[in-house]
Amino acid sequence: MEAVAVPKFENGLKFEVRQELAEQLGDVLDSVYSLMIRTHVYHWNVEGPLFDPVHKLTEAQYTALFQAVDEIAERMRALDAKPAVNANSFPTGVSNIPASLSAEKMIAELVRQHEGVVRRMRDVVALAEKVDDVVTADLLTGLMARHEKDAWMLRSTLRH
Ligand SMILES: [Fe+2]
């Protein structure tokens, strides 16, 4: 095969800007990944009268979260950065998810975590907009809508 030089990265975003975006996206990746794991563990262990709705809702949510993690990591690759995942730095403490927790406490915790992810993403959208990375802003805006919807559905199961 003929050796061809790899084209320089010239999408209009400076190296330093891409680095900063990738770093922020890396934090978002950790947040979403850890929320995905927690959602999966709750899916297995939920008990009581809310078993059926929570079991089903968490399945739909961890499936979507898995897809979201992939989208975030691949956005980092498109910015010419390499996503690393460090479970020790996961922000939501997945190293110690209790297996026994009431369904209500599981739901409340997931609502808090979805909203935490939304707040984190809102900051990164602001940065992305400031540096004209509309693609990252668009990706995260779409993901925020999903997290807000997830939080709404979870919260609604707690209302009497
Ligand atoms: Fe399952």
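Which FRET efficiency value, to the nearest 0.05, do you get for residue 74 and residue 52 by plugging their Cβ-Cβ distance into 1/(1 + (r/R0)^6) with R0 = 25 Å?
0.15
Post the alpha-carbon centroid distance, region 1-49 to region 116-160, in whole angstrom.
Using only Cα atoms, the two centres lie 15 Å from each other.
Quick one: among 114, 55, 147, which has the greatest mean-square fluctuation in a GNM of the chain with alpha-carbon springs under 10 angstrom?
55
Within region 16-55, find all residues whose amide N lies under 19 Å from a label point positioned 7 Å from the Cα of residue 155 along Cα-to-beta-carbon.
54
At a Förster distance of 35 Å, what's the computed FRET efficiency of residue 19 paired with residue 145, Cβ-Cβ distance as r, to 0.05?
FRET efficiency, residue 19 to residue 145: 0.80.
Can you give me the orientation-averaged projected area of the convex hull built on the Cα atoms of region 108-160, in nm²?
3.2
Angle, helix 134-158 long axis vs. longest principal axis of the chain, Cα atoms, 0 to 90°, nearest 10?
Orientation of helix 134-158: about 0 degrees from the principal axis.
Straight distance only, please: which aspartates and glutamates reach the Cα of residue 130 with their own Cα at less than 20 Å, same-chain residues fewer than 8 apart left out?
10, 16, 20, 23, 27, 80, 138
Can you list which of the chymotrypsin sites (Phe, Trp or Tyr not before Pro) found in region 1-71 are DSSP loop residues with at most 15 other C-beta atoms within 10 Å?
The qualifying sites are 9.
Which three numbers, in whole Å and largest first, are the semi-axes of the equivalent ellipsoid of region 15-158 derived from its Cα gyration tensor as √(5λ)?
29, 15, 11
Rounding to the nearest 20 debye, state how big the charge dipole of the chain is about its Cα centre with +1 on each Lys and Arg Cβ and -1 on each Asp and Glu Cβ.
Rounded to the nearest 20 debye, it is 420 debye.
With runs of 4+ DSSP H residues as the only contributors, calculate the mean residue ellipticity of the chain at 222 nm using -39,500 (n - 2.57) per run, divided by the residue total and rounded to the nearest 500.
-25000 deg cm²/dmol
Enumerate the aspartates and glutamates that residue 56 could reach by cross-link, defined here as Cα to Cα under 13 Å, with residues fewer than 8 away along the same chain left out.
47, 150
Starting from the Cα-Cα distance between residue 134 and residue 2, subtract it from 0.36 nm times their residue separation and give me the gain in nm to one decimal.
44.0 nm
Readers should treat all values here as calculations from the given coordinates under stated rules, not as data from a laboratory. This is a predicted model, so every value here is computed, not measured. Using ideal geometry, Cβ is built from the backbone for each residue, glycine included, and neighbour counts are taken over all protein chains shown.
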